[in-house]
1. I'm checking my understanding of the structure. Among residues of the stretch 118-139 that are in a helix (DSSP H, G or I) and without any contact (Cβ under 8 Å) to a residue 40 or more places away in the chain, which one is nearest to residue 222 (Cα to Cα)?
2. Pairs, please: C-beta under 6 Å, at least 6 apart or cross-chain, first residue without any contact (Cβ under 8 Å) to a residue 12 or more places away in the chain and assigned to a loop (DSSP other than H, G, I, E, B) and in the stretch 244-268, second aliphatic (A, V, I, L, M) and surrounded by fewer than 13 Cβ atoms within 10 Å (Cβ to Cβ)?
3. Could you say whether any residue in the stretch 153-170 is under 19 Å from residue 222 (Cα atoms), among the hydrophobic types (A, V, I, L, M, F, W, C) and loosely packed, with under 13 Cβ neighbours inside 10 Å?
4. Name, by its number, the condition in (1) assigned to a helix (DSSP H, G or I); (2) over 19 Å from residue 187 (Cβ atoms) that does not hold for residue 159.
5. For the condition within 14 Å of the chain's Cα centre (by Cα) and among the charged types (D, E, K, R), what is the one hit in 65, 79?
6. Going residue by residue through the stretch 249-262, is there one that turns out to be over 23 Å from residue 103 (Cβ atoms) and buried (at least 22 other Cβ atoms within 10 Å of the Cβ)?
7. So which residues in the stretch 171-196 are under 20 Å from residue 135 (Cβ atoms), in a loop (DSSP other than H, G, I, E, B) and of a type in the set (D, E, K, R)?
8. In this structure, does residue 114 turn out to be in a strand (DSSP E or B) and either within 19 Å of the chain's Cα centre (by Cα) or surrounded by fewer than 17 Cβ atoms within 10 Å (Cβ to Cβ) (or both)?
Amino acid sequence: MAPPTAEELEACPFCEGREGRTPSETLALGRPDGAEPDTPGWTVRVVPNLYPALERQEVVVHTPRHNRTLADLGPDELRVVARAWRERAAAARAGGFPYVQALLNEGQDAGASLPHSHSQLVWLRASPPAVVAEDAGSENGCAVCALVAQERREGTRLVVERDGLALVAAYAGRLPYELLLAPADHPGESAFESEALPAAIALLGEAIRRLHTLEGPVPLNAWLHDGGHWHIELVPRMSVLAGLELGAGLYVNTLAPETAAERLREAS
């Protein structure tokens, strides 16, 4: 990945020392006790989205350094990101927003307006349609449990299993290298309350790093579905969704998931 230009660095409102260029923070982690808000010294910072698409939307700035991707962050940094997600999800629930949609956009072609690594937390007053549809598909038993059990048993699409989590290449992925990351066993709590959340975010970062090894810094989207069996989906935007995909719901994936999993297993 090419280093950022001087113009990119100067324009970035998320870098440390530019706190006055964003709305006032709702959370900052890492500053000493008693430090003034909206000042340098933070590790992770959360601010309202300046242009929210919905009623309440926050930006989680992952690092004071101008890193462009989650894959560049170390384990300690990722644990703080998980803590920020957890604390702001609790604030959302306390404020009458029972569902929080966590999402990650990296690259302009994936909808990222700024290259500095960040995620978004969208506060919702009800579960979104995608999660409702997933829950409806689990009326006769947890669909994610069944999928993960099958992938662990067969192994051909399993990329890595660690810390009670399974990372698999989606068997019917819409685009190359589409991945699913989920607890191997059915969780009994929300993702934001789970002890596995830091490990899940770390494994997401590792998946992105492996993808970068294979394909370079491709644009991508990832999101957390906090339904009955919470999980993270990662979709690299390596091809364009055209009329067939958008109009008919028929996706042409040029890479078999078994091949994607094999390549990702071998990548570092």
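1. 129
2. The qualifying pairs are 250/244.
3. No; the residues of the stretch 153-170 include none that is under 19 Å from residue 222 (Cα atoms), among the hydrophobic types (A, V, I, L, M, F, W, C) and loosely packed, with under 13 Cβ neighbours inside 10 Å.
4. Condition not satisfied by residue 159: (1).
5. 79 is the lone residue from the list that is within 14 Å of the chain's Cα centre (by Cα) and among the charged types (D, E, K, R).
6. yes
7. 185, 189
8. For residue 114, the condition - in a strand (DSSP E or B) and either within 19 Å of the chain's Cα centre (by Cα) or surrounded by fewer than 17 Cβ atoms within 10 Å (Cβ to Cβ) (or both) - is not met.
The values are calculated or read from the model by the stated rules, or taken from the named source; none is laboratory data. Bear in mind the structure is a predicted one, so any value in this text is a computation, not a measurement. FYI the Cβ positions are ideal-geometry reconstructions off the backbone, even for glycines, and counts take in every protein chain you see.
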